[in-house]
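Q: For reference, the structure I am asking about is given below.
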Amino acid sequence: MAVNKDTGLGFSTRMSHHGRAGAREHGFVNPPVHRGSTVLFPDCGSRKSAAAQRYEQVLTYGTAGGPTHHMLEDMVAEIEGGTRALIVGTGLAACMVPLFAFLKAGDHCLVPDSVYGPVRNLADGLMRGFGIETTYYDPMVDEAGMAALIRPNTKVVYTESPGSHTFELQDIPAIARAAHAAGAKVLMDNTWGFHTFQPFEHGVDVSIQALTKYAGGHSDVLLGSVTVNSPEDWHAVKGAATQLGQFASPDDCWLCLRGIRTLPVRLKQQAENGLAVARWLEERPEVLRLLHPALPSHPQHALFQRDFSGTCSLFGVVLQPRYSDGDAEAVVDALKLFGIGASWGGYESLALPTAPSISRTVTNPRDFGGPIIRLHIGLEDTEDLIADLAGAMDRLPR
């Protein structure tokens, strides 16, 4: 049980009680949704005073957020182990805001070759157009290798661990040491490790979450968050979000708050389900290997054991090299209980053939040995999921 050192309460207890009035308060259990655009003030002096506190949780204008936003901010900061959290409309927006907060024309950014595809598009598109240079690096770089990549104008080292689709772990503490020695900020997409990886204990400056995934938990919300651990970084990301016009719907924030109440039990059950399915798949003759950091067969399993307190239900399956990308698609098409979709973290299982869509400039996804299928394991009975996978695998040519 992960216990908060300040409250002495476990994770499940905190998620049940944090961000609401309290167990002994008179009224409904859940707080209401606060919607609004215009904020009224009793006098001009009060309005000036509120504007001077624009970095705090005060009412100034609808785009600056209200009580529903503030409750979710506090919940996410609690989970991530930071001091302040910013809520934005999508996971990609959560990636974008800190990049533009810490980078300007003439700056250099380091991004792992395994990065989430839309971030690569952002780096090669808008960021390049604004005069920001990006270098992609091997995600498994060590401290010395990272230090060698850093230039005098390197301001951000972006990380994502595990990497999208191919699940390489990064040595975040080593990367952070090299980055901080050169005065660069470390940004991390920590969506896979929500709760199980505490970013600020490992040297991260800014943690990024797609709250669309596990936090919402029901595949009906689009949200992102940016969490920091210092006033300096908070002013930078909050200021950038304001200038970029970033805003999140209070209704989506309320749905996400509701999703977080059951996050501990969903995380635990889906992790168990995912491991059960992954272990079964490892024994199948059609499978070359699993891309799942929590399995002892993963080449960076020791790093996983060092840095993570638990696992995620998203992983990759590499088929034997005798199979084609078309064979991988045939497996996915034959499944009955797995949806075909690009998101994950909800209660439902998903499958997606991924190798053809992976972009790399430093490492080669074909080095993994065969076509890759990404699986997200939901809350269904594992016996049913395994039977579904067995039926689809049996269709592959022998």
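The values are calculated or read from the model by the stated rules, or taken from the named source; none is laboratory data. These numbers were taken from a predicted model, which means no experiment stands behind them. Please note: Cβ atoms are built from the backbone with ideal geometry, for glycine as well, and neighbour counts cover all protein chains shown. These accessible areas exclude ligands, DNA and RNA; they are computed on the full protein's heavy atoms, side chains included. Shrake-Rupley method; radii C 1.70, N 1.55, O 1.52, S 1.80 Å.
Q: Conditions: (1) among the hydroxyl-bearing types (Ser, Thr, Tyr); (2) part of a loop (DSSP other than H, G, I, E, B); (3) touching a Phe, Trp or Tyr at 6+ places or on another chain (Cβ under 8 Å); (4) crowded, with 24+ Cβ neighbours inside 10 Å. THR212 meets all but one. Number of the miss?
A: (3)
Q: Scan region 6-18 and give yes if some residue there is more than 15 Å from GLY259 (Cα to Cα), open to solvent by less than 60 Å² (accessible area, probe 1.4 Å) and polar (S, T, N, Q), otherwise no.
A: For region 6-18, residues more than 15 Å from GLY259 (Cα to Cα), open to solvent by less than 60 Å² (accessible area, probe 1.4 Å) and polar (S, T, N, Q): absent.
Q: Out of (1) within 19 Å of GLN269 (Cβ to Cβ); (2) more than 27 Å from the chain's Cα centre (by Cα), what's the single condition that is false for ALA392?
A: Of the numbered conditions (1) within 19 Å of GLN269 (Cβ to Cβ); (2) more than 27 Å from the chain's Cα centre (by Cα), the odd one out for ALA392 is (1).
Q: Working only within region 218-239, note down all residues that are of a type in the set (Gly, Ala, Ser), surrounded by fewer than 20 Cβ atoms within 10 Å (Cβ to Cβ) and either assigned to a helix (DSSP H, G or I) or free of Cβ contacts under 8 Å to residues at least 24 places away in the same chain (or both).
A: The answer is GLY239, and nothing else.
Q: Another question about this same structure. With the requirement that a residue be open to solvent by 20 Å² or more (accessible area, probe 1.4 Å), in contact (Cβ under 8 Å) with a residue 60 or more places away in the chain and assigned to a helix (DSSP H, G or I), what does region 273-291 give you? Quick ask: steps written out before the conclusion?
A: At the first step, the residues of region 273-291 found to be open to solvent by 20 Å² or more (accessible area, probe 1.4 Å) are 275-276, 279-280, 282-285, 288-289.
Filter once more, so that each one left must be in contact (Cβ under 8 Å) with a residue 60 or more places away in the chain: 276, 280, 284, 288-289.
Of everything in region 273-291, those that are open to solvent by 20 Å² or more (accessible area, probe 1.4 Å), in contact (Cβ under 8 Å) with a residue 60 or more places away in the chain and assigned to a helix (DSSP H, G or I) turn out to be ALA276, TRP280.
Yes/no matrix, rows are residues, columns are (1) surrounded by fewer than 24 Cβ atoms within 10 Å (Cβ to Cβ); (2) closer than 22 Å to ASP233 by Cα; (3) under 15 Å from the mean Cα position of the chain (by Cα); (4) of a type outside the set (Asp, Glu):
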residue: SER114; (1), (2), (3), (4): no, no, yes, yes
residue: GLY145; (1), (2), (3), (4): yes, no, no, yes
residue: HIS165; (1), (2), (3), (4): yes, no, yes, yes
residue: ASP171; (1), (2), (3), (4): yes, no, no, no
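Q: Restrict the check to region 320-343 and report whether at least one residue is closer than 26 Å to PRO112 by Cα, under 19 Å from the mean Cα position of the chain (by Cα) and buried (at least 21 other Cβ atoms within 10 Å of the Cβ).
A: Checked against the condition, which is being closer than 26 Å to PRO112 by Cα, under 19 Å from the mean Cα position of the chain (by Cα) and buried (at least 21 other Cβ atoms within 10 Å of the Cβ), region 320-343 yields no hits at all.
Q: Could you say whether any residue in region 348-361 is in a helix (DSSP H, G or I) and open to solvent by less than 20 Å² (accessible area, probe 1.4 Å)?
A: yes
Q: Another question, then. For GLY65, work out the one condition from (1) on the phi > 0 side of the Ramachandran plot; (2) exposed (fewer than 13 other Cβ atoms within 10 Å of the Cβ) it doesn't fulfil.
A: All conditions are met except number (2).
Q: I want to confirm something. Restricting to region 235-254 and keeping residues that are within 18 Å of the chain's Cα centre (by Cα) and aliphatic (A, V, I, L, M), which single residue is farthest from GLY224 (Cα to Cα)?
A: Per the criteria, the residue is VAL237.
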